[in-house]
Amino acid sequence: MEKLIVRGGHRLHGTVRVSGAKNAVLPIIAASVLGTEGSKIAEVPELEDVSTICKVLECLGIRVDRSEPHVLKIDSRNITGWEAPYDLVSTMRASFLVMGSLLARVGRAKISLPGGCAIGTRPIDIHLKGFEALGATIKQSHGSVEALAPNGLTGTTIYLDFPSVGATENLMMAASMAKGTTIVENAAQEPEIVDLANYINVMGGKVRGAGTTAIRIDGVKSMPGGEHMVIPDRIEAGTFMVAGAMTQGDIKVENVLCEHLKPLIAKLREAGCIVEEGINDVHVVGPRELKPITIKTMPYPGFPTDMQAQVMAMMCIAKGQSSVLETVFENRFMHVDELLRMGANIKTSGGRAALIEGVPKLYGCQVRATDLRAGAAMVLAGLVADGTTEITDIYHIDRGYENLVSKFTKLGADISRVG
Ligand code: EPZ
């Protein structure tokens, strides 16, 4: 089984370039099902999750050409299927995002229930309630969800009980070819939602208000498709920024939209970092001693839950007591046990609150990547730990970080992949 070996004690320095955003490209690839001709997508990160959703499209009869690095050429003229199989959906729940575009394009979809994962049960009730509001009939049986709209969908106003990122995306796609206008209220406002809306509009759709809590979608009869460049991955960027902060480093992260990172930038400054925001990059200088901070994860524009594990790793070596309140997922503390193994001092309560007493040093040992961002947190902890840290189950990390080892090596880290 492959693992990462990280030897701590190296200050990071130099420049690293961030790839396209995983959480933007996945819904964008799903939205390509809407196109009656085809699409070309650039700045596509080479990730396991991208391969998985491309396989889902191929199950639907769509041709995906990946011969050019970081580019997808999608021929969506012929849709021959409307089912996403269990083996693909179970490895990546974002496969569920094809339900909305299939409903809009062919009036039916059958998707294996995505099931939960390490960070929570991950229900889809908000998605399904929205599809029904648009006029679809939903049937759940034998571990699958079937949505039917033989006469098409009809625009309406949908209020989301929680600003779910995936539900906002699925409903934007479903509504893009509904009869009339749909308003999604209490919508998620993440930058990835805006990127998807921009892509739907390039394809021939009419989406306005993305990035606010109310998104208006005017249904169109058909959408040919179009070309799009995916926004940079703010979470990958944030992960490198925290690495610079933790190692008393001096790094520049390129291909960054600082506007998407305001909460993290504010927290890194509170922790004592120098953070200089450029037009398309960010410069981070880590302090000799990190100050403790408090974070509360919230839907965008609040502090991102996808940076919680990484920042907790940083808190482990700050001087004083830090705290974390995780309000988005019910079980996103799987990294705590692994950090404790490295000598961290963390007390949790109720699976959502944690108090972190900074310790002078972490100690390298064998740890697991329990989920994607927890795996990234283990790498960060290994960068500052005394000795060698071996990280297993790194397939989680491969889902969301392109060329992690080579990027960290370029910054001066002692990290390698073995096995
Ligand atoms: C997206 O997941 C991201 N994944 C996640 O990133 C991210 O953590 C999450 O948004 C929150 O920002 C992708 O974009 C592929 P949600 P998603 O629906 O859409 C509850 C990563 O590390 N909920 O906003 O699944 C849900 O249980 C991944 O890159 C319902 O109750 O997130 C959770 O508690 C991890 N019913 C909360 O809402 C629903 O129907 C947020 O979920 C849907 C969601």
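The values are calculated or read from the model by the stated rules, or taken from the named source; none is laboratory data. Predicted model only: the values in this text are computed from it and were never measured. We place every Cβ from the backbone using ideal geometry, glycine too, and count neighbours over all the protein chains shown. Calculation scope for accessible area: heavy atoms of the full protein, side chains included, ligands and nucleic acids excluded. Shrake-Rupley method; radii C 1.70, N 1.55, O 1.52, S 1.80 Å.
Filter the stretch 81-117 down to the residues that are away from the ligand (no atom under 13 Å from the Cβ), free of Cβ contacts under 8 Å to residues at least 60 places away in the same chain and assigned to a helix (DSSP H, G or I) and list them by number. Within the stretch 81-117, Y86, D87, L88, V106 meet the criteria. If you take the residues of the stretch 106-139 that are among the hydroxyl-bearing types (S, T, Y) and surrounded by fewer than 16 Cβ atoms within 10 Å (Cβ to Cβ), which of them is nearest to L88 (Cα to Cα)? If we take residues in the stretch 106-139 being among the hydroxyl-bearing types (S, T, Y) and surrounded by fewer than 16 Cβ atoms within 10 Å (Cβ to Cβ), then T121 is nearest to L88 (Cα to Cα).
Every residue, every condition in (1) crowded, with 21+ Cβ neighbours inside 10 Å; (2) in a loop (DSSP other than H, G, I, E, B); (3) out of contact with any Pro (no Cβ under 7 Å at 6 or more places or on another chain), yes or no:
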residue: H283; (1), (2), (3): no, no, yes
residue: E289; (1), (2), (3): no, yes, yes
residue: Q310; (1), (2), (3): yes, no, yes
residue: A313; (1), (2), (3): yes, no, yes
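Flag: L57 matches the condition of being within 16 Å of the ligand (Cβ to nearest atom) and assigned to a helix (DSSP H, G or I).
Condition (residue is in a helix (DSSP H, G or I) and either out of contact with any Asp or Glu (no Cβ under 9 Å at 6 or more places or on another chain) or closer than 17 Å to G9 by Cβ (or both)) applied to the stretch 358-379: is it met by at least one residue? Don't jump to the end; show me each part of the working.
Of the residues in the stretch 358-379, the ones in a helix (DSSP H, G or I) are 372-379.
Filter once more, keeping what is either out of contact with any Asp or Glu (no Cβ under 9 Å at 6 or more places or on another chain) or closer than 17 Å to G9 by Cβ (or both): 378-379.
Yes.
Given the criteria open to solvent by 10 Å² or more (accessible area, probe 1.4 Å) and within 16 Å of the ligand (Cβ to nearest atom), does I215 qualify? It is false that I215 is open to solvent by 10 Å² or more (accessible area, probe 1.4 Å) and within 16 Å of the ligand (Cβ to nearest atom). For the stretch 338-354, the tally of residues that are touching a helix residue (DSSP H, G or I) at 6+ places or on another chain (Cβ under 7 Å) and either open to solvent by 30 Å² or more (accessible area, probe 1.4 Å) or not in a helix (DSSP H, G or I) (or both) stands at 4.
Looking across the stretch 355-369, not a single residue is polar (S, T, N, Q) and surrounded by 15 or more Cβ atoms within 10 Å (Cβ to Cβ).
Looking at the stretch 28-52 only, could you name the residues that are under 17 Å from A174 (Cβ atoms), buried (at least 20 other Cβ atoms within 10 Å of the Cβ) and β-branched (V, I, T)? Matches in the stretch 28-52: I28, I29, V33.
Quick check, is N198 surrounded by fewer than 21 Cβ atoms within 10 Å (Cβ to Cβ) and under 26 Å from the mean Cα position of the chain (by Cα)? Outline the logic, then answer.
Numbers: surrounded by fewer than 21 Cβ atoms within 10 Å (Cβ to Cβ): yes; under 26 Å from the mean Cα position of the chain (by Cα): yes.
So N198 fits the description; yes.
Return the only residue of L97, L103, L57 being over 30 Å from K410 (Cα atoms), open to solvent by 10 Å² or more (accessible area, probe 1.4 Å) and not β-branched (V, I, T). First the steps, then the outcome.
Numbers: L103 fails: open to solvent by 10 Å² or more (accessible area, probe 1.4 Å); L57 fails: open to solvent by 10 Å² or more (accessible area, probe 1.4 Å).
Checking each option against the conditions leaves just L97.
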